[in-house]
Number of protein chains: 2
Amino acid sequence: MVSAQISIDRIFHALGDPTRRAIVEKLSRQPASASRLAKPLGITVAAVVQHLQILEASGLARTEKLGRVRTCRIEPKGLSMAEQWIADRRSLWEKRLDKLGDLLAEDS
Amino acid sequence: MVSAQISIDRIFHALGDPTRRAIVEKLSRQPASASRLAKPLGITVAAVVQHLQILEASGLARTEKLGRVRTCRIEPKGLSMAEQWIADRRSLWEKRLDKLGDLLAEDS
């Protein structure tokens, strides 16, 4: 439970940065090297690597070294965890609305 | 677009904190005053108010003053925006997997 909590902290924190979200967006479309990610973002490869380390640590991306090239891919687990966390809260909120609706229907 | 970007930044940043997520969880179940939120979280009312200000600024909660009591409620817009952002990236990723599947099927 504690490690799940830490992961969710990391995932949301990682997604709170627009450059990291842009990287997640690009990797959702296709795997890419750090240098290919850097160019359209207008940042250095070193900066991309730093962001990728944060994305990797939070389970949002993973990198593989094939020969001399390090390729980055989306890791769906991280996005799924964040999506599930939000969906669970929405479900709580919707249940409460349903109950309120029932109470109002009883009163009318 | 810029304001949407800023909002998404704020929403994910706000959700990156375990205390704020606990507040969102409680407000998803029912509206509550800041003092009612503070007790089970083991933090001061002042600390809750600070967290609530961040949640309000990011569109995740709203507060209403009824007489002397300030009541906090969940604001579904913020959670929906975050959920939609994630779902859109998942959709990109799933489309790519579908294409890969088609390519593999053609090859076999």
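The values are calculated or read from the model by the stated rules, or taken from the named source; none is laboratory data. All figures in this text were calculated on a predicted structure; none of them were measured in a lab. Neighbour counts are summed over all protein chains in view; Cβ atoms, including those assigned to glycine, are modelled from backbone coordinates with ideal geometry. We work out accessible area using only protein heavy atoms, side chains counted, and drop any ligands, DNA or RNA first. Shrake-Rupley method; radii C 1.70, N 1.55, O 1.52, S 1.80 Å.
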Practice problem: Return a yes/no flag: does the range B:62-71 have any residue that is touching a Cys at 6+ places or on another chain (Cβ under 8 Å), among the basic types (Lys, Arg) and more than 20 Å from A:ASP17 (Cα to Cα). | Solution: yes
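Given the structure, is A:ILE74 within 13 Å of another protein chain (Cβ to nearest Cβ), under 22 Å from B:LEU97 (Cβ atoms) and surrounded by 20 or more Cβ atoms within 10 Å (Cβ to Cβ)?
Against the criterion (within 13 Å of another protein chain (Cβ to nearest Cβ), under 22 Å from B:LEU97 (Cβ atoms) and surrounded by 20 or more Cβ atoms within 10 Å (Cβ to Cβ)), A:ILE74 qualifies.
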Quiz item: Does A:SER35 meet the test of being hydroxyl-bearing (Ser, Thr, Tyr) and open to solvent by 60 Å² or more (accessible area, probe 1.4 Å)?
Solution: yes
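Mind checking whether some residue in the range B:77-88 is within 11 Å of another protein chain (Cβ to nearest Cβ), over 19 Å from the mean Cα position of the chain (by Cα) and among the aromatic types (Phe, Trp, Tyr)? If you could, list the steps in order and put the result at the bottom.
Step one: filter the range B:77-88 for residues within 11 Å of another protein chain (Cβ to nearest Cβ), giving B:78-88.
Next, from what is left, pick out any that are over 19 Å from the mean Cα position of the chain (by Cα): none.
No, that holds for no residue.
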